[in-house]
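The values are calculated or read from the model by the stated rules, or taken from the named source; none is laboratory data. A quick note: this is a predicted structure, and the numbers were derived from the prediction, not measured. Glycine also receives a Cβ, built like all others from the backbone with ideal geometry; neighbour counts cover every protein chain displayed.
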Amino acid sequence: MASGIYQIENQVNGKRYIGSAVDLRKRRQNHFSALHCGGHENQHLQRAFNKYGGDTFVFEVLEETEPKKLIIREQYYIDLLLPEYNISSIAGSPLGIRHTDEARANMSAARKGKHHSEATRRKISEANKGRPVSAETRKKISGTQRGSRGHNYGKHLSEDARRKISNAQKTRWCKIRAIESADT
């Protein structure tokens with residue numbers, strides 16, 4: 001298990017993403033699994049992957065280093081190479097950051113009284129379709145749609161409709177598996 005700094009480079013335009021990982025092999029697998037499923041957390045990278053295709057992206061280890069030096073070395077490469085696909089120019093993940101009560105109040109106040117237009121609501125709806133949902137939420141949804149309460153109760157679906165549902169479920173489970181493998 002090697003730890004270090006890596007880049008994912010688009011061979012067509014030379015743009016890149018820089019990251020660090022304790023387990024480079026597993027991180028590579030997680031990136032490309034999510035990209036192939038269409039559910040990568042980095043939308044810049046996902047859109048480029050969709051546009052140019054998977055064969056144009058190459059995962060390359062820039063430096064192997066011990067885990068305690070990962071963030072320092074990742075920041076060095078971000079400053080040196082100025083990666084276009086990185087969302088943040090600061091190394092490290094923002095996950096788990098707790099906002100102060102004052103910051104949370106400011107964010108809440110900024111959102112109050114604002115309503116999305118119908119077009120924006122449609123875009124948000126489309127973006128959330130197929131998005132992975134927690135096991136607890138899936139269980140609640142399942143309970144409300146069982147038996148005679150289900151929207152398809154008593155209906156017979158055409159082969160075309162059944163095929164569409166099947167394909168949607170395959171994509172959904174692909175995303176869920178990618179998230180679960182990233183958590184392990």
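Yes or no: Arg122 without any contact (Cβ under 8 Å) to a residue 60 or more places away in the chain and surrounded by 10 or more Cβ atoms within 10 Å (Cβ to Cβ)?
Here the answer is yes, as Arg122 does meet what is asked.
Which condition does Ile97 not pass, out of (1) at negative phi; (2) modelled with pLDDT of 80 or more; (3) aliphatic (A, V, I, L, M), if it passes all the others?
If we test Ile97 against (1) at negative phi; (2) modelled with pLDDT of 80 or more; (3) aliphatic (A, V, I, L, M), just (2) comes out false.
Please specify each residue of the stretch 125-134 satisfying the condition of being part of a helix (DSSP H, G or I) and surrounded by 10 or more Cβ atoms within 10 Å (Cβ to Cβ).
Once the filter is applied, which keeps residues that are part of a helix (DSSP H, G or I) and surrounded by 10 or more Cβ atoms within 10 Å (Cβ to Cβ), the stretch 125-134 yields only Ala127.
Scan the stretch 119-143 for residues that are more than 22 Å from His40 (Cα to Cα) and among the hydrophobic types (A, V, I, L, M, F, W, C) and jot them down.
Ala119, Ile141 - these are the residues of the stretch 119-143 that are more than 22 Å from His40 (Cα to Cα) and among the hydrophobic types (A, V, I, L, M, F, W, C).
When the residues of the stretch 151-184 are narrowed to those that are small (Gly, Ala, Ser) and surrounded by fewer than 11 Cβ atoms within 10 Å (Cβ to Cβ), which ends up modelled with the lowest pLDDT?
So, considering only residues that are small (Gly, Ala, Ser) and surrounded by fewer than 11 Cβ atoms within 10 Å (Cβ to Cβ), the one modelled with the lowest pLDDT is Gly154.
Please specify each residue of the stretch 20-41 satisfying the condition of being closer than 14 Å to Glu9 by Cβ, buried (at least 18 other Cβ atoms within 10 Å of the Cβ) and not aliphatic (A, V, I, L, M).
The answer is His31, and nothing else.
Taking the options Glu136, Glu84, name whichever one is closer than 30 Å to Lys170 by Cα and among the acidic types (Asp, Glu).
Glu136
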